[in-house]
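Worksheet for the structure shown next.
The values are calculated or read from the model by the stated rules, or taken from the named source; none is laboratory data. Note that this is a predicted model, so its numbers are computed, not measured. Counting neighbours? That spans all protein chains shown, and the Cβs are built from the backbone with ideal geometry, glycine included. Surface accessibility is based on the protein's heavy atoms, side chains included, excluding ligands, DNA and RNA. Shrake-Rupley method; radii C 1.70, N 1.55, O 1.52, S 1.80 Å.
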Amino acid sequence: MSAALQLKNTWRRFLRVWDSMAIYMPLLMMGALALGTYWLVRNTPIFSTPEAAKEASHDIDYFMRKFTVKTFDEGGQLKSEIYGIEARHFPDTDILEIDQARIRSISIEGRITTATANRAYTNGDGSEVQLTGNAVVIREASKDASGKETPRMEFRGEFLHAFLNDERVKSHKPVLLIRGTDQFTGDTFAYDNLDQVADLKGRVRGILVPRASAGAAGLPTLTLPAPASPAAKPAGGDAAAR
């Protein structure tokens, strides 16, 4: 009889515990559901997505040795030719750094310009180039539609910045300008072939070779600042040659 009573009391205690737990049953089920969802997310395979575009760095992405690169216009005519011992390309600036560079450019009118230097930095299409170390830019003699001849132009210096499509050359360092048989030097320099104007500044020097006729084609004019006195000779100054 005491065993039956003990079993009955045990059953009653179990029912009381069950009733207490039943109150928290919805909360326990929500927790279990949340844990199951978290586990499912962590273990679900992730499908590959397109990689985000990487920011270009200033690291060499390719190089060339003893190369020649030629570009052509829409009609198939040669537009430019670049040769070098070695070249290195930087993707962030799209600059090609060339050792022992030799660049040849042909304008729409057929005028030929060549540029050489110990090192050159050119943009993607070769229309703009910076030359350092024994830099030389030569624009060959040519004739316009009317038959007027433009003499050969040569620029020499340790640094030259050439815009081949616009036929412009400039430098913030001393430059030697050779136009036909005449020579000019200046501390800074800018030349625009379309305007036929060379602007030299600083300590300017000029050597003009006499011609048989003052009206000969391509005869340049040189303008220097007036001397301090009639007997004085200008040692140098800004000049514009045309």
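Tabulated results
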read-out: Members of region 63-91 that are closer than 13 Å to Ile103 by Cα, surrounded by fewer than 16 Cβ atoms within 10 Å (Cβ to Cβ) and among the aromatic types (Phe, Trp, Tyr); value: Phe67
read-out: Residue within region 54-73 that is modelled with pLDDT under 85, part of a loop (DSSP other than H, G, I, E, B) and more than 22 Å from the chain's Cα centre (by Cα) present; value: no
read-out: Residue in region 89-104 that is of a type in the set (A, V, I, L, M) and either over 23 Å from Ser171 (Cα atoms) or modelled with pLDDT under 85 (or both) present; value: no
read-out: Residue tally, condition surrounded by fewer than 18 Cβ atoms within 10 Å (Cβ to Cβ), over 10 Å from Lys170 (Cβ atoms) and at pLDDT 90 or above, over region 184-198; value: 1
read-out: Filter pass, Thr223 being modelled with pLDDT of 90 or more and open to solvent by 30 Å² or more (accessible area, probe 1.4 Å); value: no
